[in-house]
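Student: One structure coming up, written as structure tokens, with questions to follow.
The values are calculated or read from the model by the stated rules, or taken from the named source; none is laboratory data. The shown structure was predicted, so the numbers you read here are calculated from the model rather than taken from an experiment. Virtual Cβ from ideal backbone geometry, glycine too; neighbours counted across all protein chains shown. These accessible areas exclude ligands, DNA and RNA; they are computed on the full protein's heavy atoms, side chains included. Shrake-Rupley method; radii C 1.70, N 1.55, O 1.52, S 1.80 Å.
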Amino acid sequence: MGKIKVTTCEIEGLKVIEPQVFGDSRGYFMETYNYNDYKAAGIDMEFVQDNQSSSRKGVLRGLHFQINYPQDKIVRVVSGEVFDVAVDLREDSKTYGKWYGVTLSAENKKQFYIPKGFAHGFVVLSDYAEFAYKCSDFYHPNDEGGLIWNDPDIGIDWPIPDDMELIMSDKDQKWGSFRDLSR
């Protein structure tokens, strides 16, 4: 029980995970995490912190990363739908500065594995969303870094409808560019 389907992305290290869902007239059951299954898929680490957030439609969080205490993450949506993005910040990577995005929803039950060395963010597409994630290191508030969400050098194709009002924290509106980061 609990087998997962893992799809590797065009950016090395990123993985989309689809858990096996057992459903019937009562509802469904799935394992959201099983160390042995993830280890077999090449995700062998200890997770030390679980986080959950809720946001309304149009909330854009990110693009965040930890500077000295980077985190591996497995992210998923418990309720609603988001477009989730990872940006490769590994300077020795052939995909440095490239991004990958995936729609995560309560309906599709996909998870997104984001290793250390990536900036991460998401925008809420549904009226409301609950977002959950596992982290391999603790959050250090004084170790936060970020990139502006709409940096033209990264060129993320956010699926934001013209009539959607974006809602961001002051901090997320003031992050610097990828060009500034890579100097």
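Student: Does the range 44-58 include one or more residues that are buried (at least 20 other Cβ atoms within 10 Å of the Cβ) and aromatic (Phe, Trp, Tyr)?
Tutor: no
Student: If you don't mind, another one. Return the pair list, or none, for Cβ contacts closer than 6 Å from residues in the range 122-137 that are in a loop (DSSP other than H, G, I, E, B) to residues that are hydroxyl-bearing (Ser, Thr, Tyr) and at pLDDT 95 or above, at least 6 apart or on different chains.
Tutor: Asp137/Tyr69
Student: Show the residue pairs that are 6+ apart or on different chains and have beta-carbon atoms under 6 Å apart, the first residue being within the range 161-181 and more than 18 Å from Leu89 (Cβ to Cβ), the second being surrounded by 10 or more Cβ atoms within 10 Å (Cβ to Cβ) and modelled with pLDDT of 95 or more.
Tutor: Met164/Gly58; Glu165/Gly58; Leu166/Gly58; Leu166/Leu60; Ile167/Gly58; Ile167/Val59; Met168/Leu60
Student: Something else now. Please determine, by comparing only the residues of the range 101-116 that are open to solvent by 30 Å² or more (accessible area, probe 1.4 Å) and out of contact with any strand residue (DSSP E or B) (no Cβ under 7 Å at 6 or more places or on another chain), which one is farthest from Asp37 (Cα to Cα).
Tutor: It comes out as Glu107.
Student: Mind listing whichever residues of the range 140-152 are loosely packed, with under 11 Cβ neighbours inside 10 Å and either closer than 13 Å to Tyr100 by Cα or modelled with pLDDT of 95 or more (or both)?
Tutor: Answer for the range 140-152, where residues must be loosely packed, with under 11 Cβ neighbours inside 10 Å and either closer than 13 Å to Tyr100 by Cα or modelled with pLDDT of 95 or more (or both): just Pro152.
Student: Being open to solvent by 30 Å² or more (accessible area, probe 1.4 Å), among the β-branched types (Val, Ile, Thr) and closer than 21 Å to Met168 by Cβ: is that true of Thr32 here?
Tutor: It is false that Thr32 is open to solvent by 30 Å² or more (accessible area, probe 1.4 Å), among the β-branched types (Val, Ile, Thr) and closer than 21 Å to Met168 by Cβ.
Student: Is at least one residue of the range 50-62 outside any helix (DSSP H, G or I), more than 15 Å from the chain's Cα centre (by Cα), modelled with pLDDT of 95 or more and among the acidic types (Asp, Glu)? I'd like the intermediate steps shown before the answer.
Tutor: Restricting attention to the range 50-62, the residues satisfying the condition of being outside any helix (DSSP H, G or I) are 50-62.
Narrowing the set further to residues that are more than 15 Å from the chain's Cα centre (by Cα) leaves 56-58.
Those still in the list that are modelled with pLDDT of 95 or more too: 56-58.
Adding the requirement that they be among the acidic types (Asp, Glu) leaves none.
For the range 50-62, residues outside any helix (DSSP H, G or I), more than 15 Å from the chain's Cα centre (by Cα), modelled with pLDDT of 95 or more and among the acidic types (Asp, Glu): absent.
Student: Considering every residue within the range 39-52, establish whether at least one is aliphatic (A, V, I, L, M) and touching an Asp or Glu at 6+ places or on another chain (Cβ under 7 Å).
Tutor: Start the filter on the range 39-52 by keeping residues that are aliphatic (A, V, I, L, M), which leaves 40-41, 43, 45, 48.
Still in the running and touching an Asp or Glu at 6+ places or on another chain (Cβ under 7 Å): 45, 48.
Yes, the conditions are met somewhere in the range 39-52.
Student: Just give me the residues in the range 17-28 being surrounded by 13 or more Cβ atoms within 10 Å (Cβ to Cβ) and either out of contact with any Asp or Glu (no Cβ under 8 Å at 6 or more places or on another chain) or not in a strand (DSSP E or B) (or both), in sequence order. Step through it out loud before you land on a result.
Tutor: Here is the first cut: in the range 17-28, the ones surrounded by 13 or more Cβ atoms within 10 Å (Cβ to Cβ) are 17-20.
Selection gives Ile17, Glu18, Gln20.
Student: Does Arg76 qualify as being within 11 Å of the chain's Cα centre (by Cα), open to solvent by 40 Å² or more (accessible area, probe 1.4 Å) and farther than 17 Å from Trp158 by Cβ? Break it down stepwise before answering.
Tutor: Working: within 11 Å of the chain's Cα centre (by Cα): yes; open to solvent by 40 Å² or more (accessible area, probe 1.4 Å): yes; farther than 17 Å from Trp158 by Cβ: yes.
Yes; evaluated as a whole, the condition is true for this residue.
Student: Give the residues of the range 81-107 that are among the charged types (D, E, K, R) and assigned to a loop (DSSP other than H, G, I, E, B), sorted by residue number.
Tutor: Arg90, Glu91, Asp92, Lys94, Lys98, Glu107
Student: Separate question: Any residue in the range 88-108 that is over 23 Å from Gln66 (Cα atoms) sitting within a Cβ distance under 8 Å of a residue that is of a type in the set (Val, Ile, Thr) and open to solvent by 50 Å² or more (accessible area, probe 1.4 Å)? List the pairs, counting only those 6 or more apart or interchain.
Tutor: Ala106/Val78
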